[in-house]
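Take a look at the structure set out below.
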Amino acid sequence: MPDALDATPYDALLLLSFGGPEGPDDVVPFLENVTRGRGIPKERLKEVGQHYFLFGGVSPINDQNRALLDALRKDFAEHGLDLPVYWGNRNWAPYLTDTLREMAADGRRRILVLTTSAYASYSGCRQYRENLADALATLRAEGLEPPRIDKLRHYFNHPGFVEPMIDGVLRSLADLPEDVRAGAHIAFTTHSIPTSAADTSGPVEAHGEGGAYVEQHLDVAELIADAVRERTGIDHPWRLVYQSRSGAPHIPWLEPDICDHLEERHAAGVPAVVMAPIGFVSDHMEVLYDLDTEAEAKAAELSLPVRRSATVGADPRFAAAVRELITERAAVERGQEVTPCALGALGPSHNLCPVGCCPARAPRPAAAGADSPYA
């Protein structure tokens, strides 16, 4: 048996994700959950839902989260980490509030949260923290004592997140026809967000244009590109590009879009492109539709060879990284000296989101941060 790892003071881990429909009848109700409060008509939601209907109305994110849960539990058992793992979603079953209610009933009093988003931003961090605060408020209104919740730090530059993506890019390059492989360009992709939201993901003065959101992605892209050069001897040109824009046309969002970028690279004479979705933990709908469907259709139209590298998903190295993040944070909470593990130029992210971090347009309570009402 492995030596027991100490997760004290924590008594559970919560995997917190976005959620997705599991059949055609779920699509519109799911989108109503996602867009609640925005007044979007049901007919418009049906149009948006066509992405899901192309895949039978099923989002792959739920099965991918189940696979990650299995990988985490397997890794914890093999390494002596006695920590139960729960799963809750923001927008579909199992719903976050229901899961926290279950955890409270099971006597869980100190919970660590792993979100399926590796980077800083409102939608990738603070919005999850706001959802946690809403769920805790519901528990309190029901007469339950809310558990204390902490969130694991951003893991974008942890080796267990970066190394699987390096391998994915190498496999994609190797899969290209030999006559275009050496000249292939790497397009590192992530979710486009409004430029105003990117800038407030961290002060522009500290992080540059695009805030911490862009800076963190650029750091990961450079790590992967450097590793590819070291392992292949070829310096592939690269750029950070964006996908999945969903906002009003008059609002500035991060650019260039992946399809526009493919057109530009083709016009410049690039012989092939590897699309590397570094902004996503798993191959969920935005990867399957925006890259595997739309972007690949654009590449076919251009007769441009493309490959799409895999996301991290349930890779055992990622499960091991989560275990390391848990024991690291637990040791910090016990007052022990810790050397956090991180690659690249930026170093480890903060354990506690500061006051005003990644602000929303309208201030809302957010748990698991320095401004949490649930200390």
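Comparing mean-square fluctuations of Pro94, Pro363, Pro340 from a GNM of the chain with C-alpha springs under 10 Å, the top value falls on Pro363.
Distances between placed amide hydrogens fall under 5 Å for His185 paired with Ala272, Val273, Val274, all partners being 5 or more residues away or on another chain.
I want to verify a result. In a Gaussian network model of the chain, Cα cutoff 10 Å, which of these has the top mean-square fluctuation: His350, His79, His185? Most flexible of the set in this elastic network: His350.
Computed from point charges on the beta carbon alone (+1 for Lys and Arg, -1 for Asp and Glu), the dipole magnitude for the range 148-204 about its Cα centre is near 360 Debye. In this simple spin-label model, placing a label point 7 Å from the Cα along the Cα-to-Cβ direction at both Arg229 and Ser303 gives a separation of 3.3 nm.
How much length would be gained if the chain were fully extended between Ala248 and Glu294, taking 0.36 nm per residue of separation minus their Cα-Cα distance, in nm to one decimal?
Result for the pair: 14.6 nm of gain on full extension.
3J(HN,Hα) along the range 16-28, derived from phi through the Karplus expression 6.51 cos²θ - 1.76 cosθ + 1.60 where θ = phi - 60°, amounts to 10, 9, 7, x, x, x, 10, x, x, 5, 8, 4, 5 Hz, with x in place of Gly and Pro. Residues whose amide H comes within less than 5 Å of that of Leu15, counting only those at least five positions distant or on another chain, are Tyr86, Trp87, Gly88, Leu114 (H built at 1.01 Å from N in the peptide plane).
A cut-off under 13 angstrom between Cβ atoms defines the neighbours of Asp25, and their net charge, with Lys, Arg +1 and Asp, Glu -1, is -2.
For the range 159-308, a crude dipole built from +1 on the beta carbon of Lys and Arg and -1 on the beta carbon of Asp and Glu, taken about the Cα centre, is about 220 debye to the nearest 20.
For the chain, a crude dipole built from +1 on the beta carbon of Lys and Arg and -1 on the beta carbon of Asp and Glu, taken about the Cα centre, is about 860 debye to the nearest 20. Relative to the longest principal axis of the Cα atoms of the chain, the long axis of helix 211-232 lies at roughly 60 degrees.
Using only Cα atoms and rounding to the nearest 10 degrees, what angle (0 to 90) does helix 316-333 make with the longest principal axis of the chain? Roughly 40 degrees, rounded to the nearest 10.
Ranked by how many other Cβ atoms sit within 10 Å of their own Cβ, fewest first, the residues Cys341, Cys259 fall in the order Cys341, Cys259.
When Asp82, Asp134 are sorted by how many other C-beta atoms sit within 10 angstrom of their C-beta, beginning with the fewest, the order is Asp82, Asp134. In the chain, the longest principal axis of the Cα atoms and the axis of helix 61-78 are about 60 degrees apart. Residues Ile193, Ile40, ranked from the fewest to the most other C-beta atoms within 10 Å, line up as Ile40, Ile193.
Starting from the Cα of Lys298, draw a straight line to each of the aspartates and glutamates and keep only those under 14 Å, dropping any in the same chain fewer than 8 residues away. Once the sequence-local aspartates and glutamates are set aside, what remains near Lys298 is Asp257, Asp260, Glu263, Glu264, Asp290.
Bridging of Lys74 to aspartates and glutamates at a Cα separation below 18 Å is possible for Asp3, Asp6, Asp11, Asp63, Asp82, Asp315, Glu324, once same-chain residues fewer than 8 apart are set aside. Of the residues Val241, Ala4, Pro29, the one whose Cα sits farthest towards the positive end of the charge dipole of the chain is Pro29 (charges of +1 on Lys and Arg Cβ, -1 on Asp and Glu Cβ, taken about the Cα centre).
Here, each number is a calculation from the coordinates, and none is a lab measurement. This one's a predicted model, so the numbers in the text were calculated from it and none came from an experiment. Glycine also receives a Cβ, built like all others from the backbone with ideal geometry; neighbour counts cover every protein chain displayed.
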